[in-house]
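Heads up, the thing below is written out as structure tokens.
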Amino acid sequence: MLEPEPVSLDYRTLAKYQVIKEIGRGNMGTVYLGHDPFIDRPVAIKVARERALRPGDDGELFRRLFFNEAQAAGLLKHPNITAIFDAGTDGDLYYIVMEYVHGGTTLEQFCHPGTLLPIKEAVAIVYRCAVALDYAHRKGVIHRDVKPRNILITDEQDVKISDFGIAVMPGDTQPGFAEHAGSPLYMSPEQIRREALTPQSDVFALGIVTFELITGRHPFAGENISAINHRILNTEPPRLSDLRADVPPVLERVVERALAKDLAKRYHSALDLAGDLSIVFDFLHEPESALSRQAKFDASRELDFFRQFTDTELWELINASTWHHLDEGGTIIMEGEVDKAFYVVIEGSVEISKGGRFIDVLTTGDCFGEMGFVSGRRRTATVRARGRVTIMKVQAPLIERASLTCQLRFHKLFLHTLIERLSRATDRLATDPPGELRASDGAK
């Protein structure tokens, strides 16, 4: 694919528009901030890449694709779809004049482990996208390239779907589009198979976008296009709850249905998807005392156990953990239960007991539960809150879904902690009377 090449237009006019500065680049051209002097408003002006417009079959196809955006979006008047005001040529330059989204940035920035939005905000964004896509589908337009880069979001959480350059138009039967069918990471199974597209293809792509917004990872990521295609066609995506612990089951089911490979099992329309997303809101009322993700990150970063984690790795661990606030006497681990989890005291202290007898106290930054995490065997001690306490709970299956670097870092520190515990236990066996070994020094 040709690299986007900028067009030097700063501080000049293009047709009737004043060009102010470059604000972005894409596969189809360069985007400038402009000014419409007749209506006195800012506009975004997309100028086609000159090299791609050279005579020949490819140049003709590119021109058709470029103006396809103007034709498609020109049919659509929706608050969550970027408006098209004008299109034309000025000498050798081809341009499209669009609505300027002030303060707008793409959803890409929120698709990484360290920059994830609260689930409620992410669901609200996807809901608006689904409603906008349903509107387009009812007009006979299939976007065919729904992805984070083509969705703008403002500081006020206003959503705008953009870039209809390869959209399927009403009655469109022209050949040639199949080779320009979108971005491999966001293609539906039928898109990969070059089958006829329907609104359900956009639903599948929006399902992928939702997955990324919630987890910071792509459900079908691969080393190359062939691997990506194989996974989209043949493998099921990871469960959302395996990558982010605070995902409600109802949202997990919604995303699974949006990503169904069988059209009969996938949402029939984007409006159906929006309807179920509206139900999800009922399950997303967090208590006022719940910590924000940033507060969790800041609290974890202060503890010795997490100091060696990079920011990205720490975000992954936070996404894969659950945080619990307990009052005096609240039970964290009960002797005899099976609980394959590892715990870190974020704030406060906990009391260890065995057979009803006090053993020890652990405080902020201490961790416990190593042997149960490794072996899944029954717990040999009880752990309760000593006053108000905040605990991070990390479950083995969630760590197994984290990136390799995060897993390696976690297990390295985990083993270091375990070795220290066993060393202290060995030292105490040499000096303490039998039966006096503290539970905190041994394997619980």
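Here the label points at Thr105 and Thr154, each 7 Å from Cα along the C-beta direction, are separated by 1.6 nm in the simple model. How many angstrom lie between the C-alpha centres of the range 320-387 and the range 95-165? Between the Cα centre of the range 320-387 and that of the range 95-165, the gap is 43 Å. In terms of distances greater than 29 angstrom between alpha carbons, the cross-link table entries Lys16/Lys147; Lys147/Lys340; Lys77/Lys265; Lys21/Lys77; Lys120/Lys147; Lys147/Lys265 yield Lys16/Lys147; Lys147/Lys340; Lys77/Lys265. For Ala320, the residues whose modelled amide H falls within less than 5 Å of its own, excluding neighbours fewer than 5 places apart on the same chain, are Ala245. Karplus-derived 3J(HN,Hα) values for the range 157-163, using 6.51 cos²θ - 1.76 cosθ + 1.60 with θ = phi - 60°, are 6, 7, 10, 9, 7, 10, 6 Hz; glycine and proline are entered as x.
Remark: the range 144-152, residue by residue, has Karplus-estimated 3J(HN,Hα) of 6, 9, 6, 7, x, 5, 9, 10, 8 Hz, where x stands for each Gly or Pro and the curve is 6.51 cos²θ - 1.76 cosθ + 1.60 at θ = phi - 60°. Segment Thr331..Ala221, full-extension length gain: 35.6 nm, with 0.36 nm per residue of separation and the alpha-carbon distance subtracted.
With a simple spin-label model that places each label point 7 Å from the Cα along the Cα-to-Cβ direction, the separation between Ser349 and Arg138 comes to 6.3 nm. A protection proxy built from the mean count of other Cβ atoms within 10 Å ranks the segments 32-38, 339-345, most packed first, as 339-345, 32-38.
Between the listed residues Val280, Pro237, Leu116, the Cα displaced farthest toward the positive end of the dipole of the range 105-283, a dipole computed from Cβ unit charges relative to the Cα centre, is found at Pro237. A crude spin-label estimate for the pair Thr322 and His268, with each label 7 Å from Cα along the Cβ direction, gives 3.6 nm. Scanning residues 5 or more positions from Gly24 or on other chains, those with amide H under 5 Å from its amide H are Val31, with H placed 1.01 Å from N in the peptide plane.
Each reported figure results from applying straightforward, stated rules to the coordinates on display, with no laboratory input. Computed from a predicted structure; not experimentally measured. Ideal geometry is used to build each Cβ from the backbone, glycine not excepted, and the neighbour counts take in all protein chains shown.
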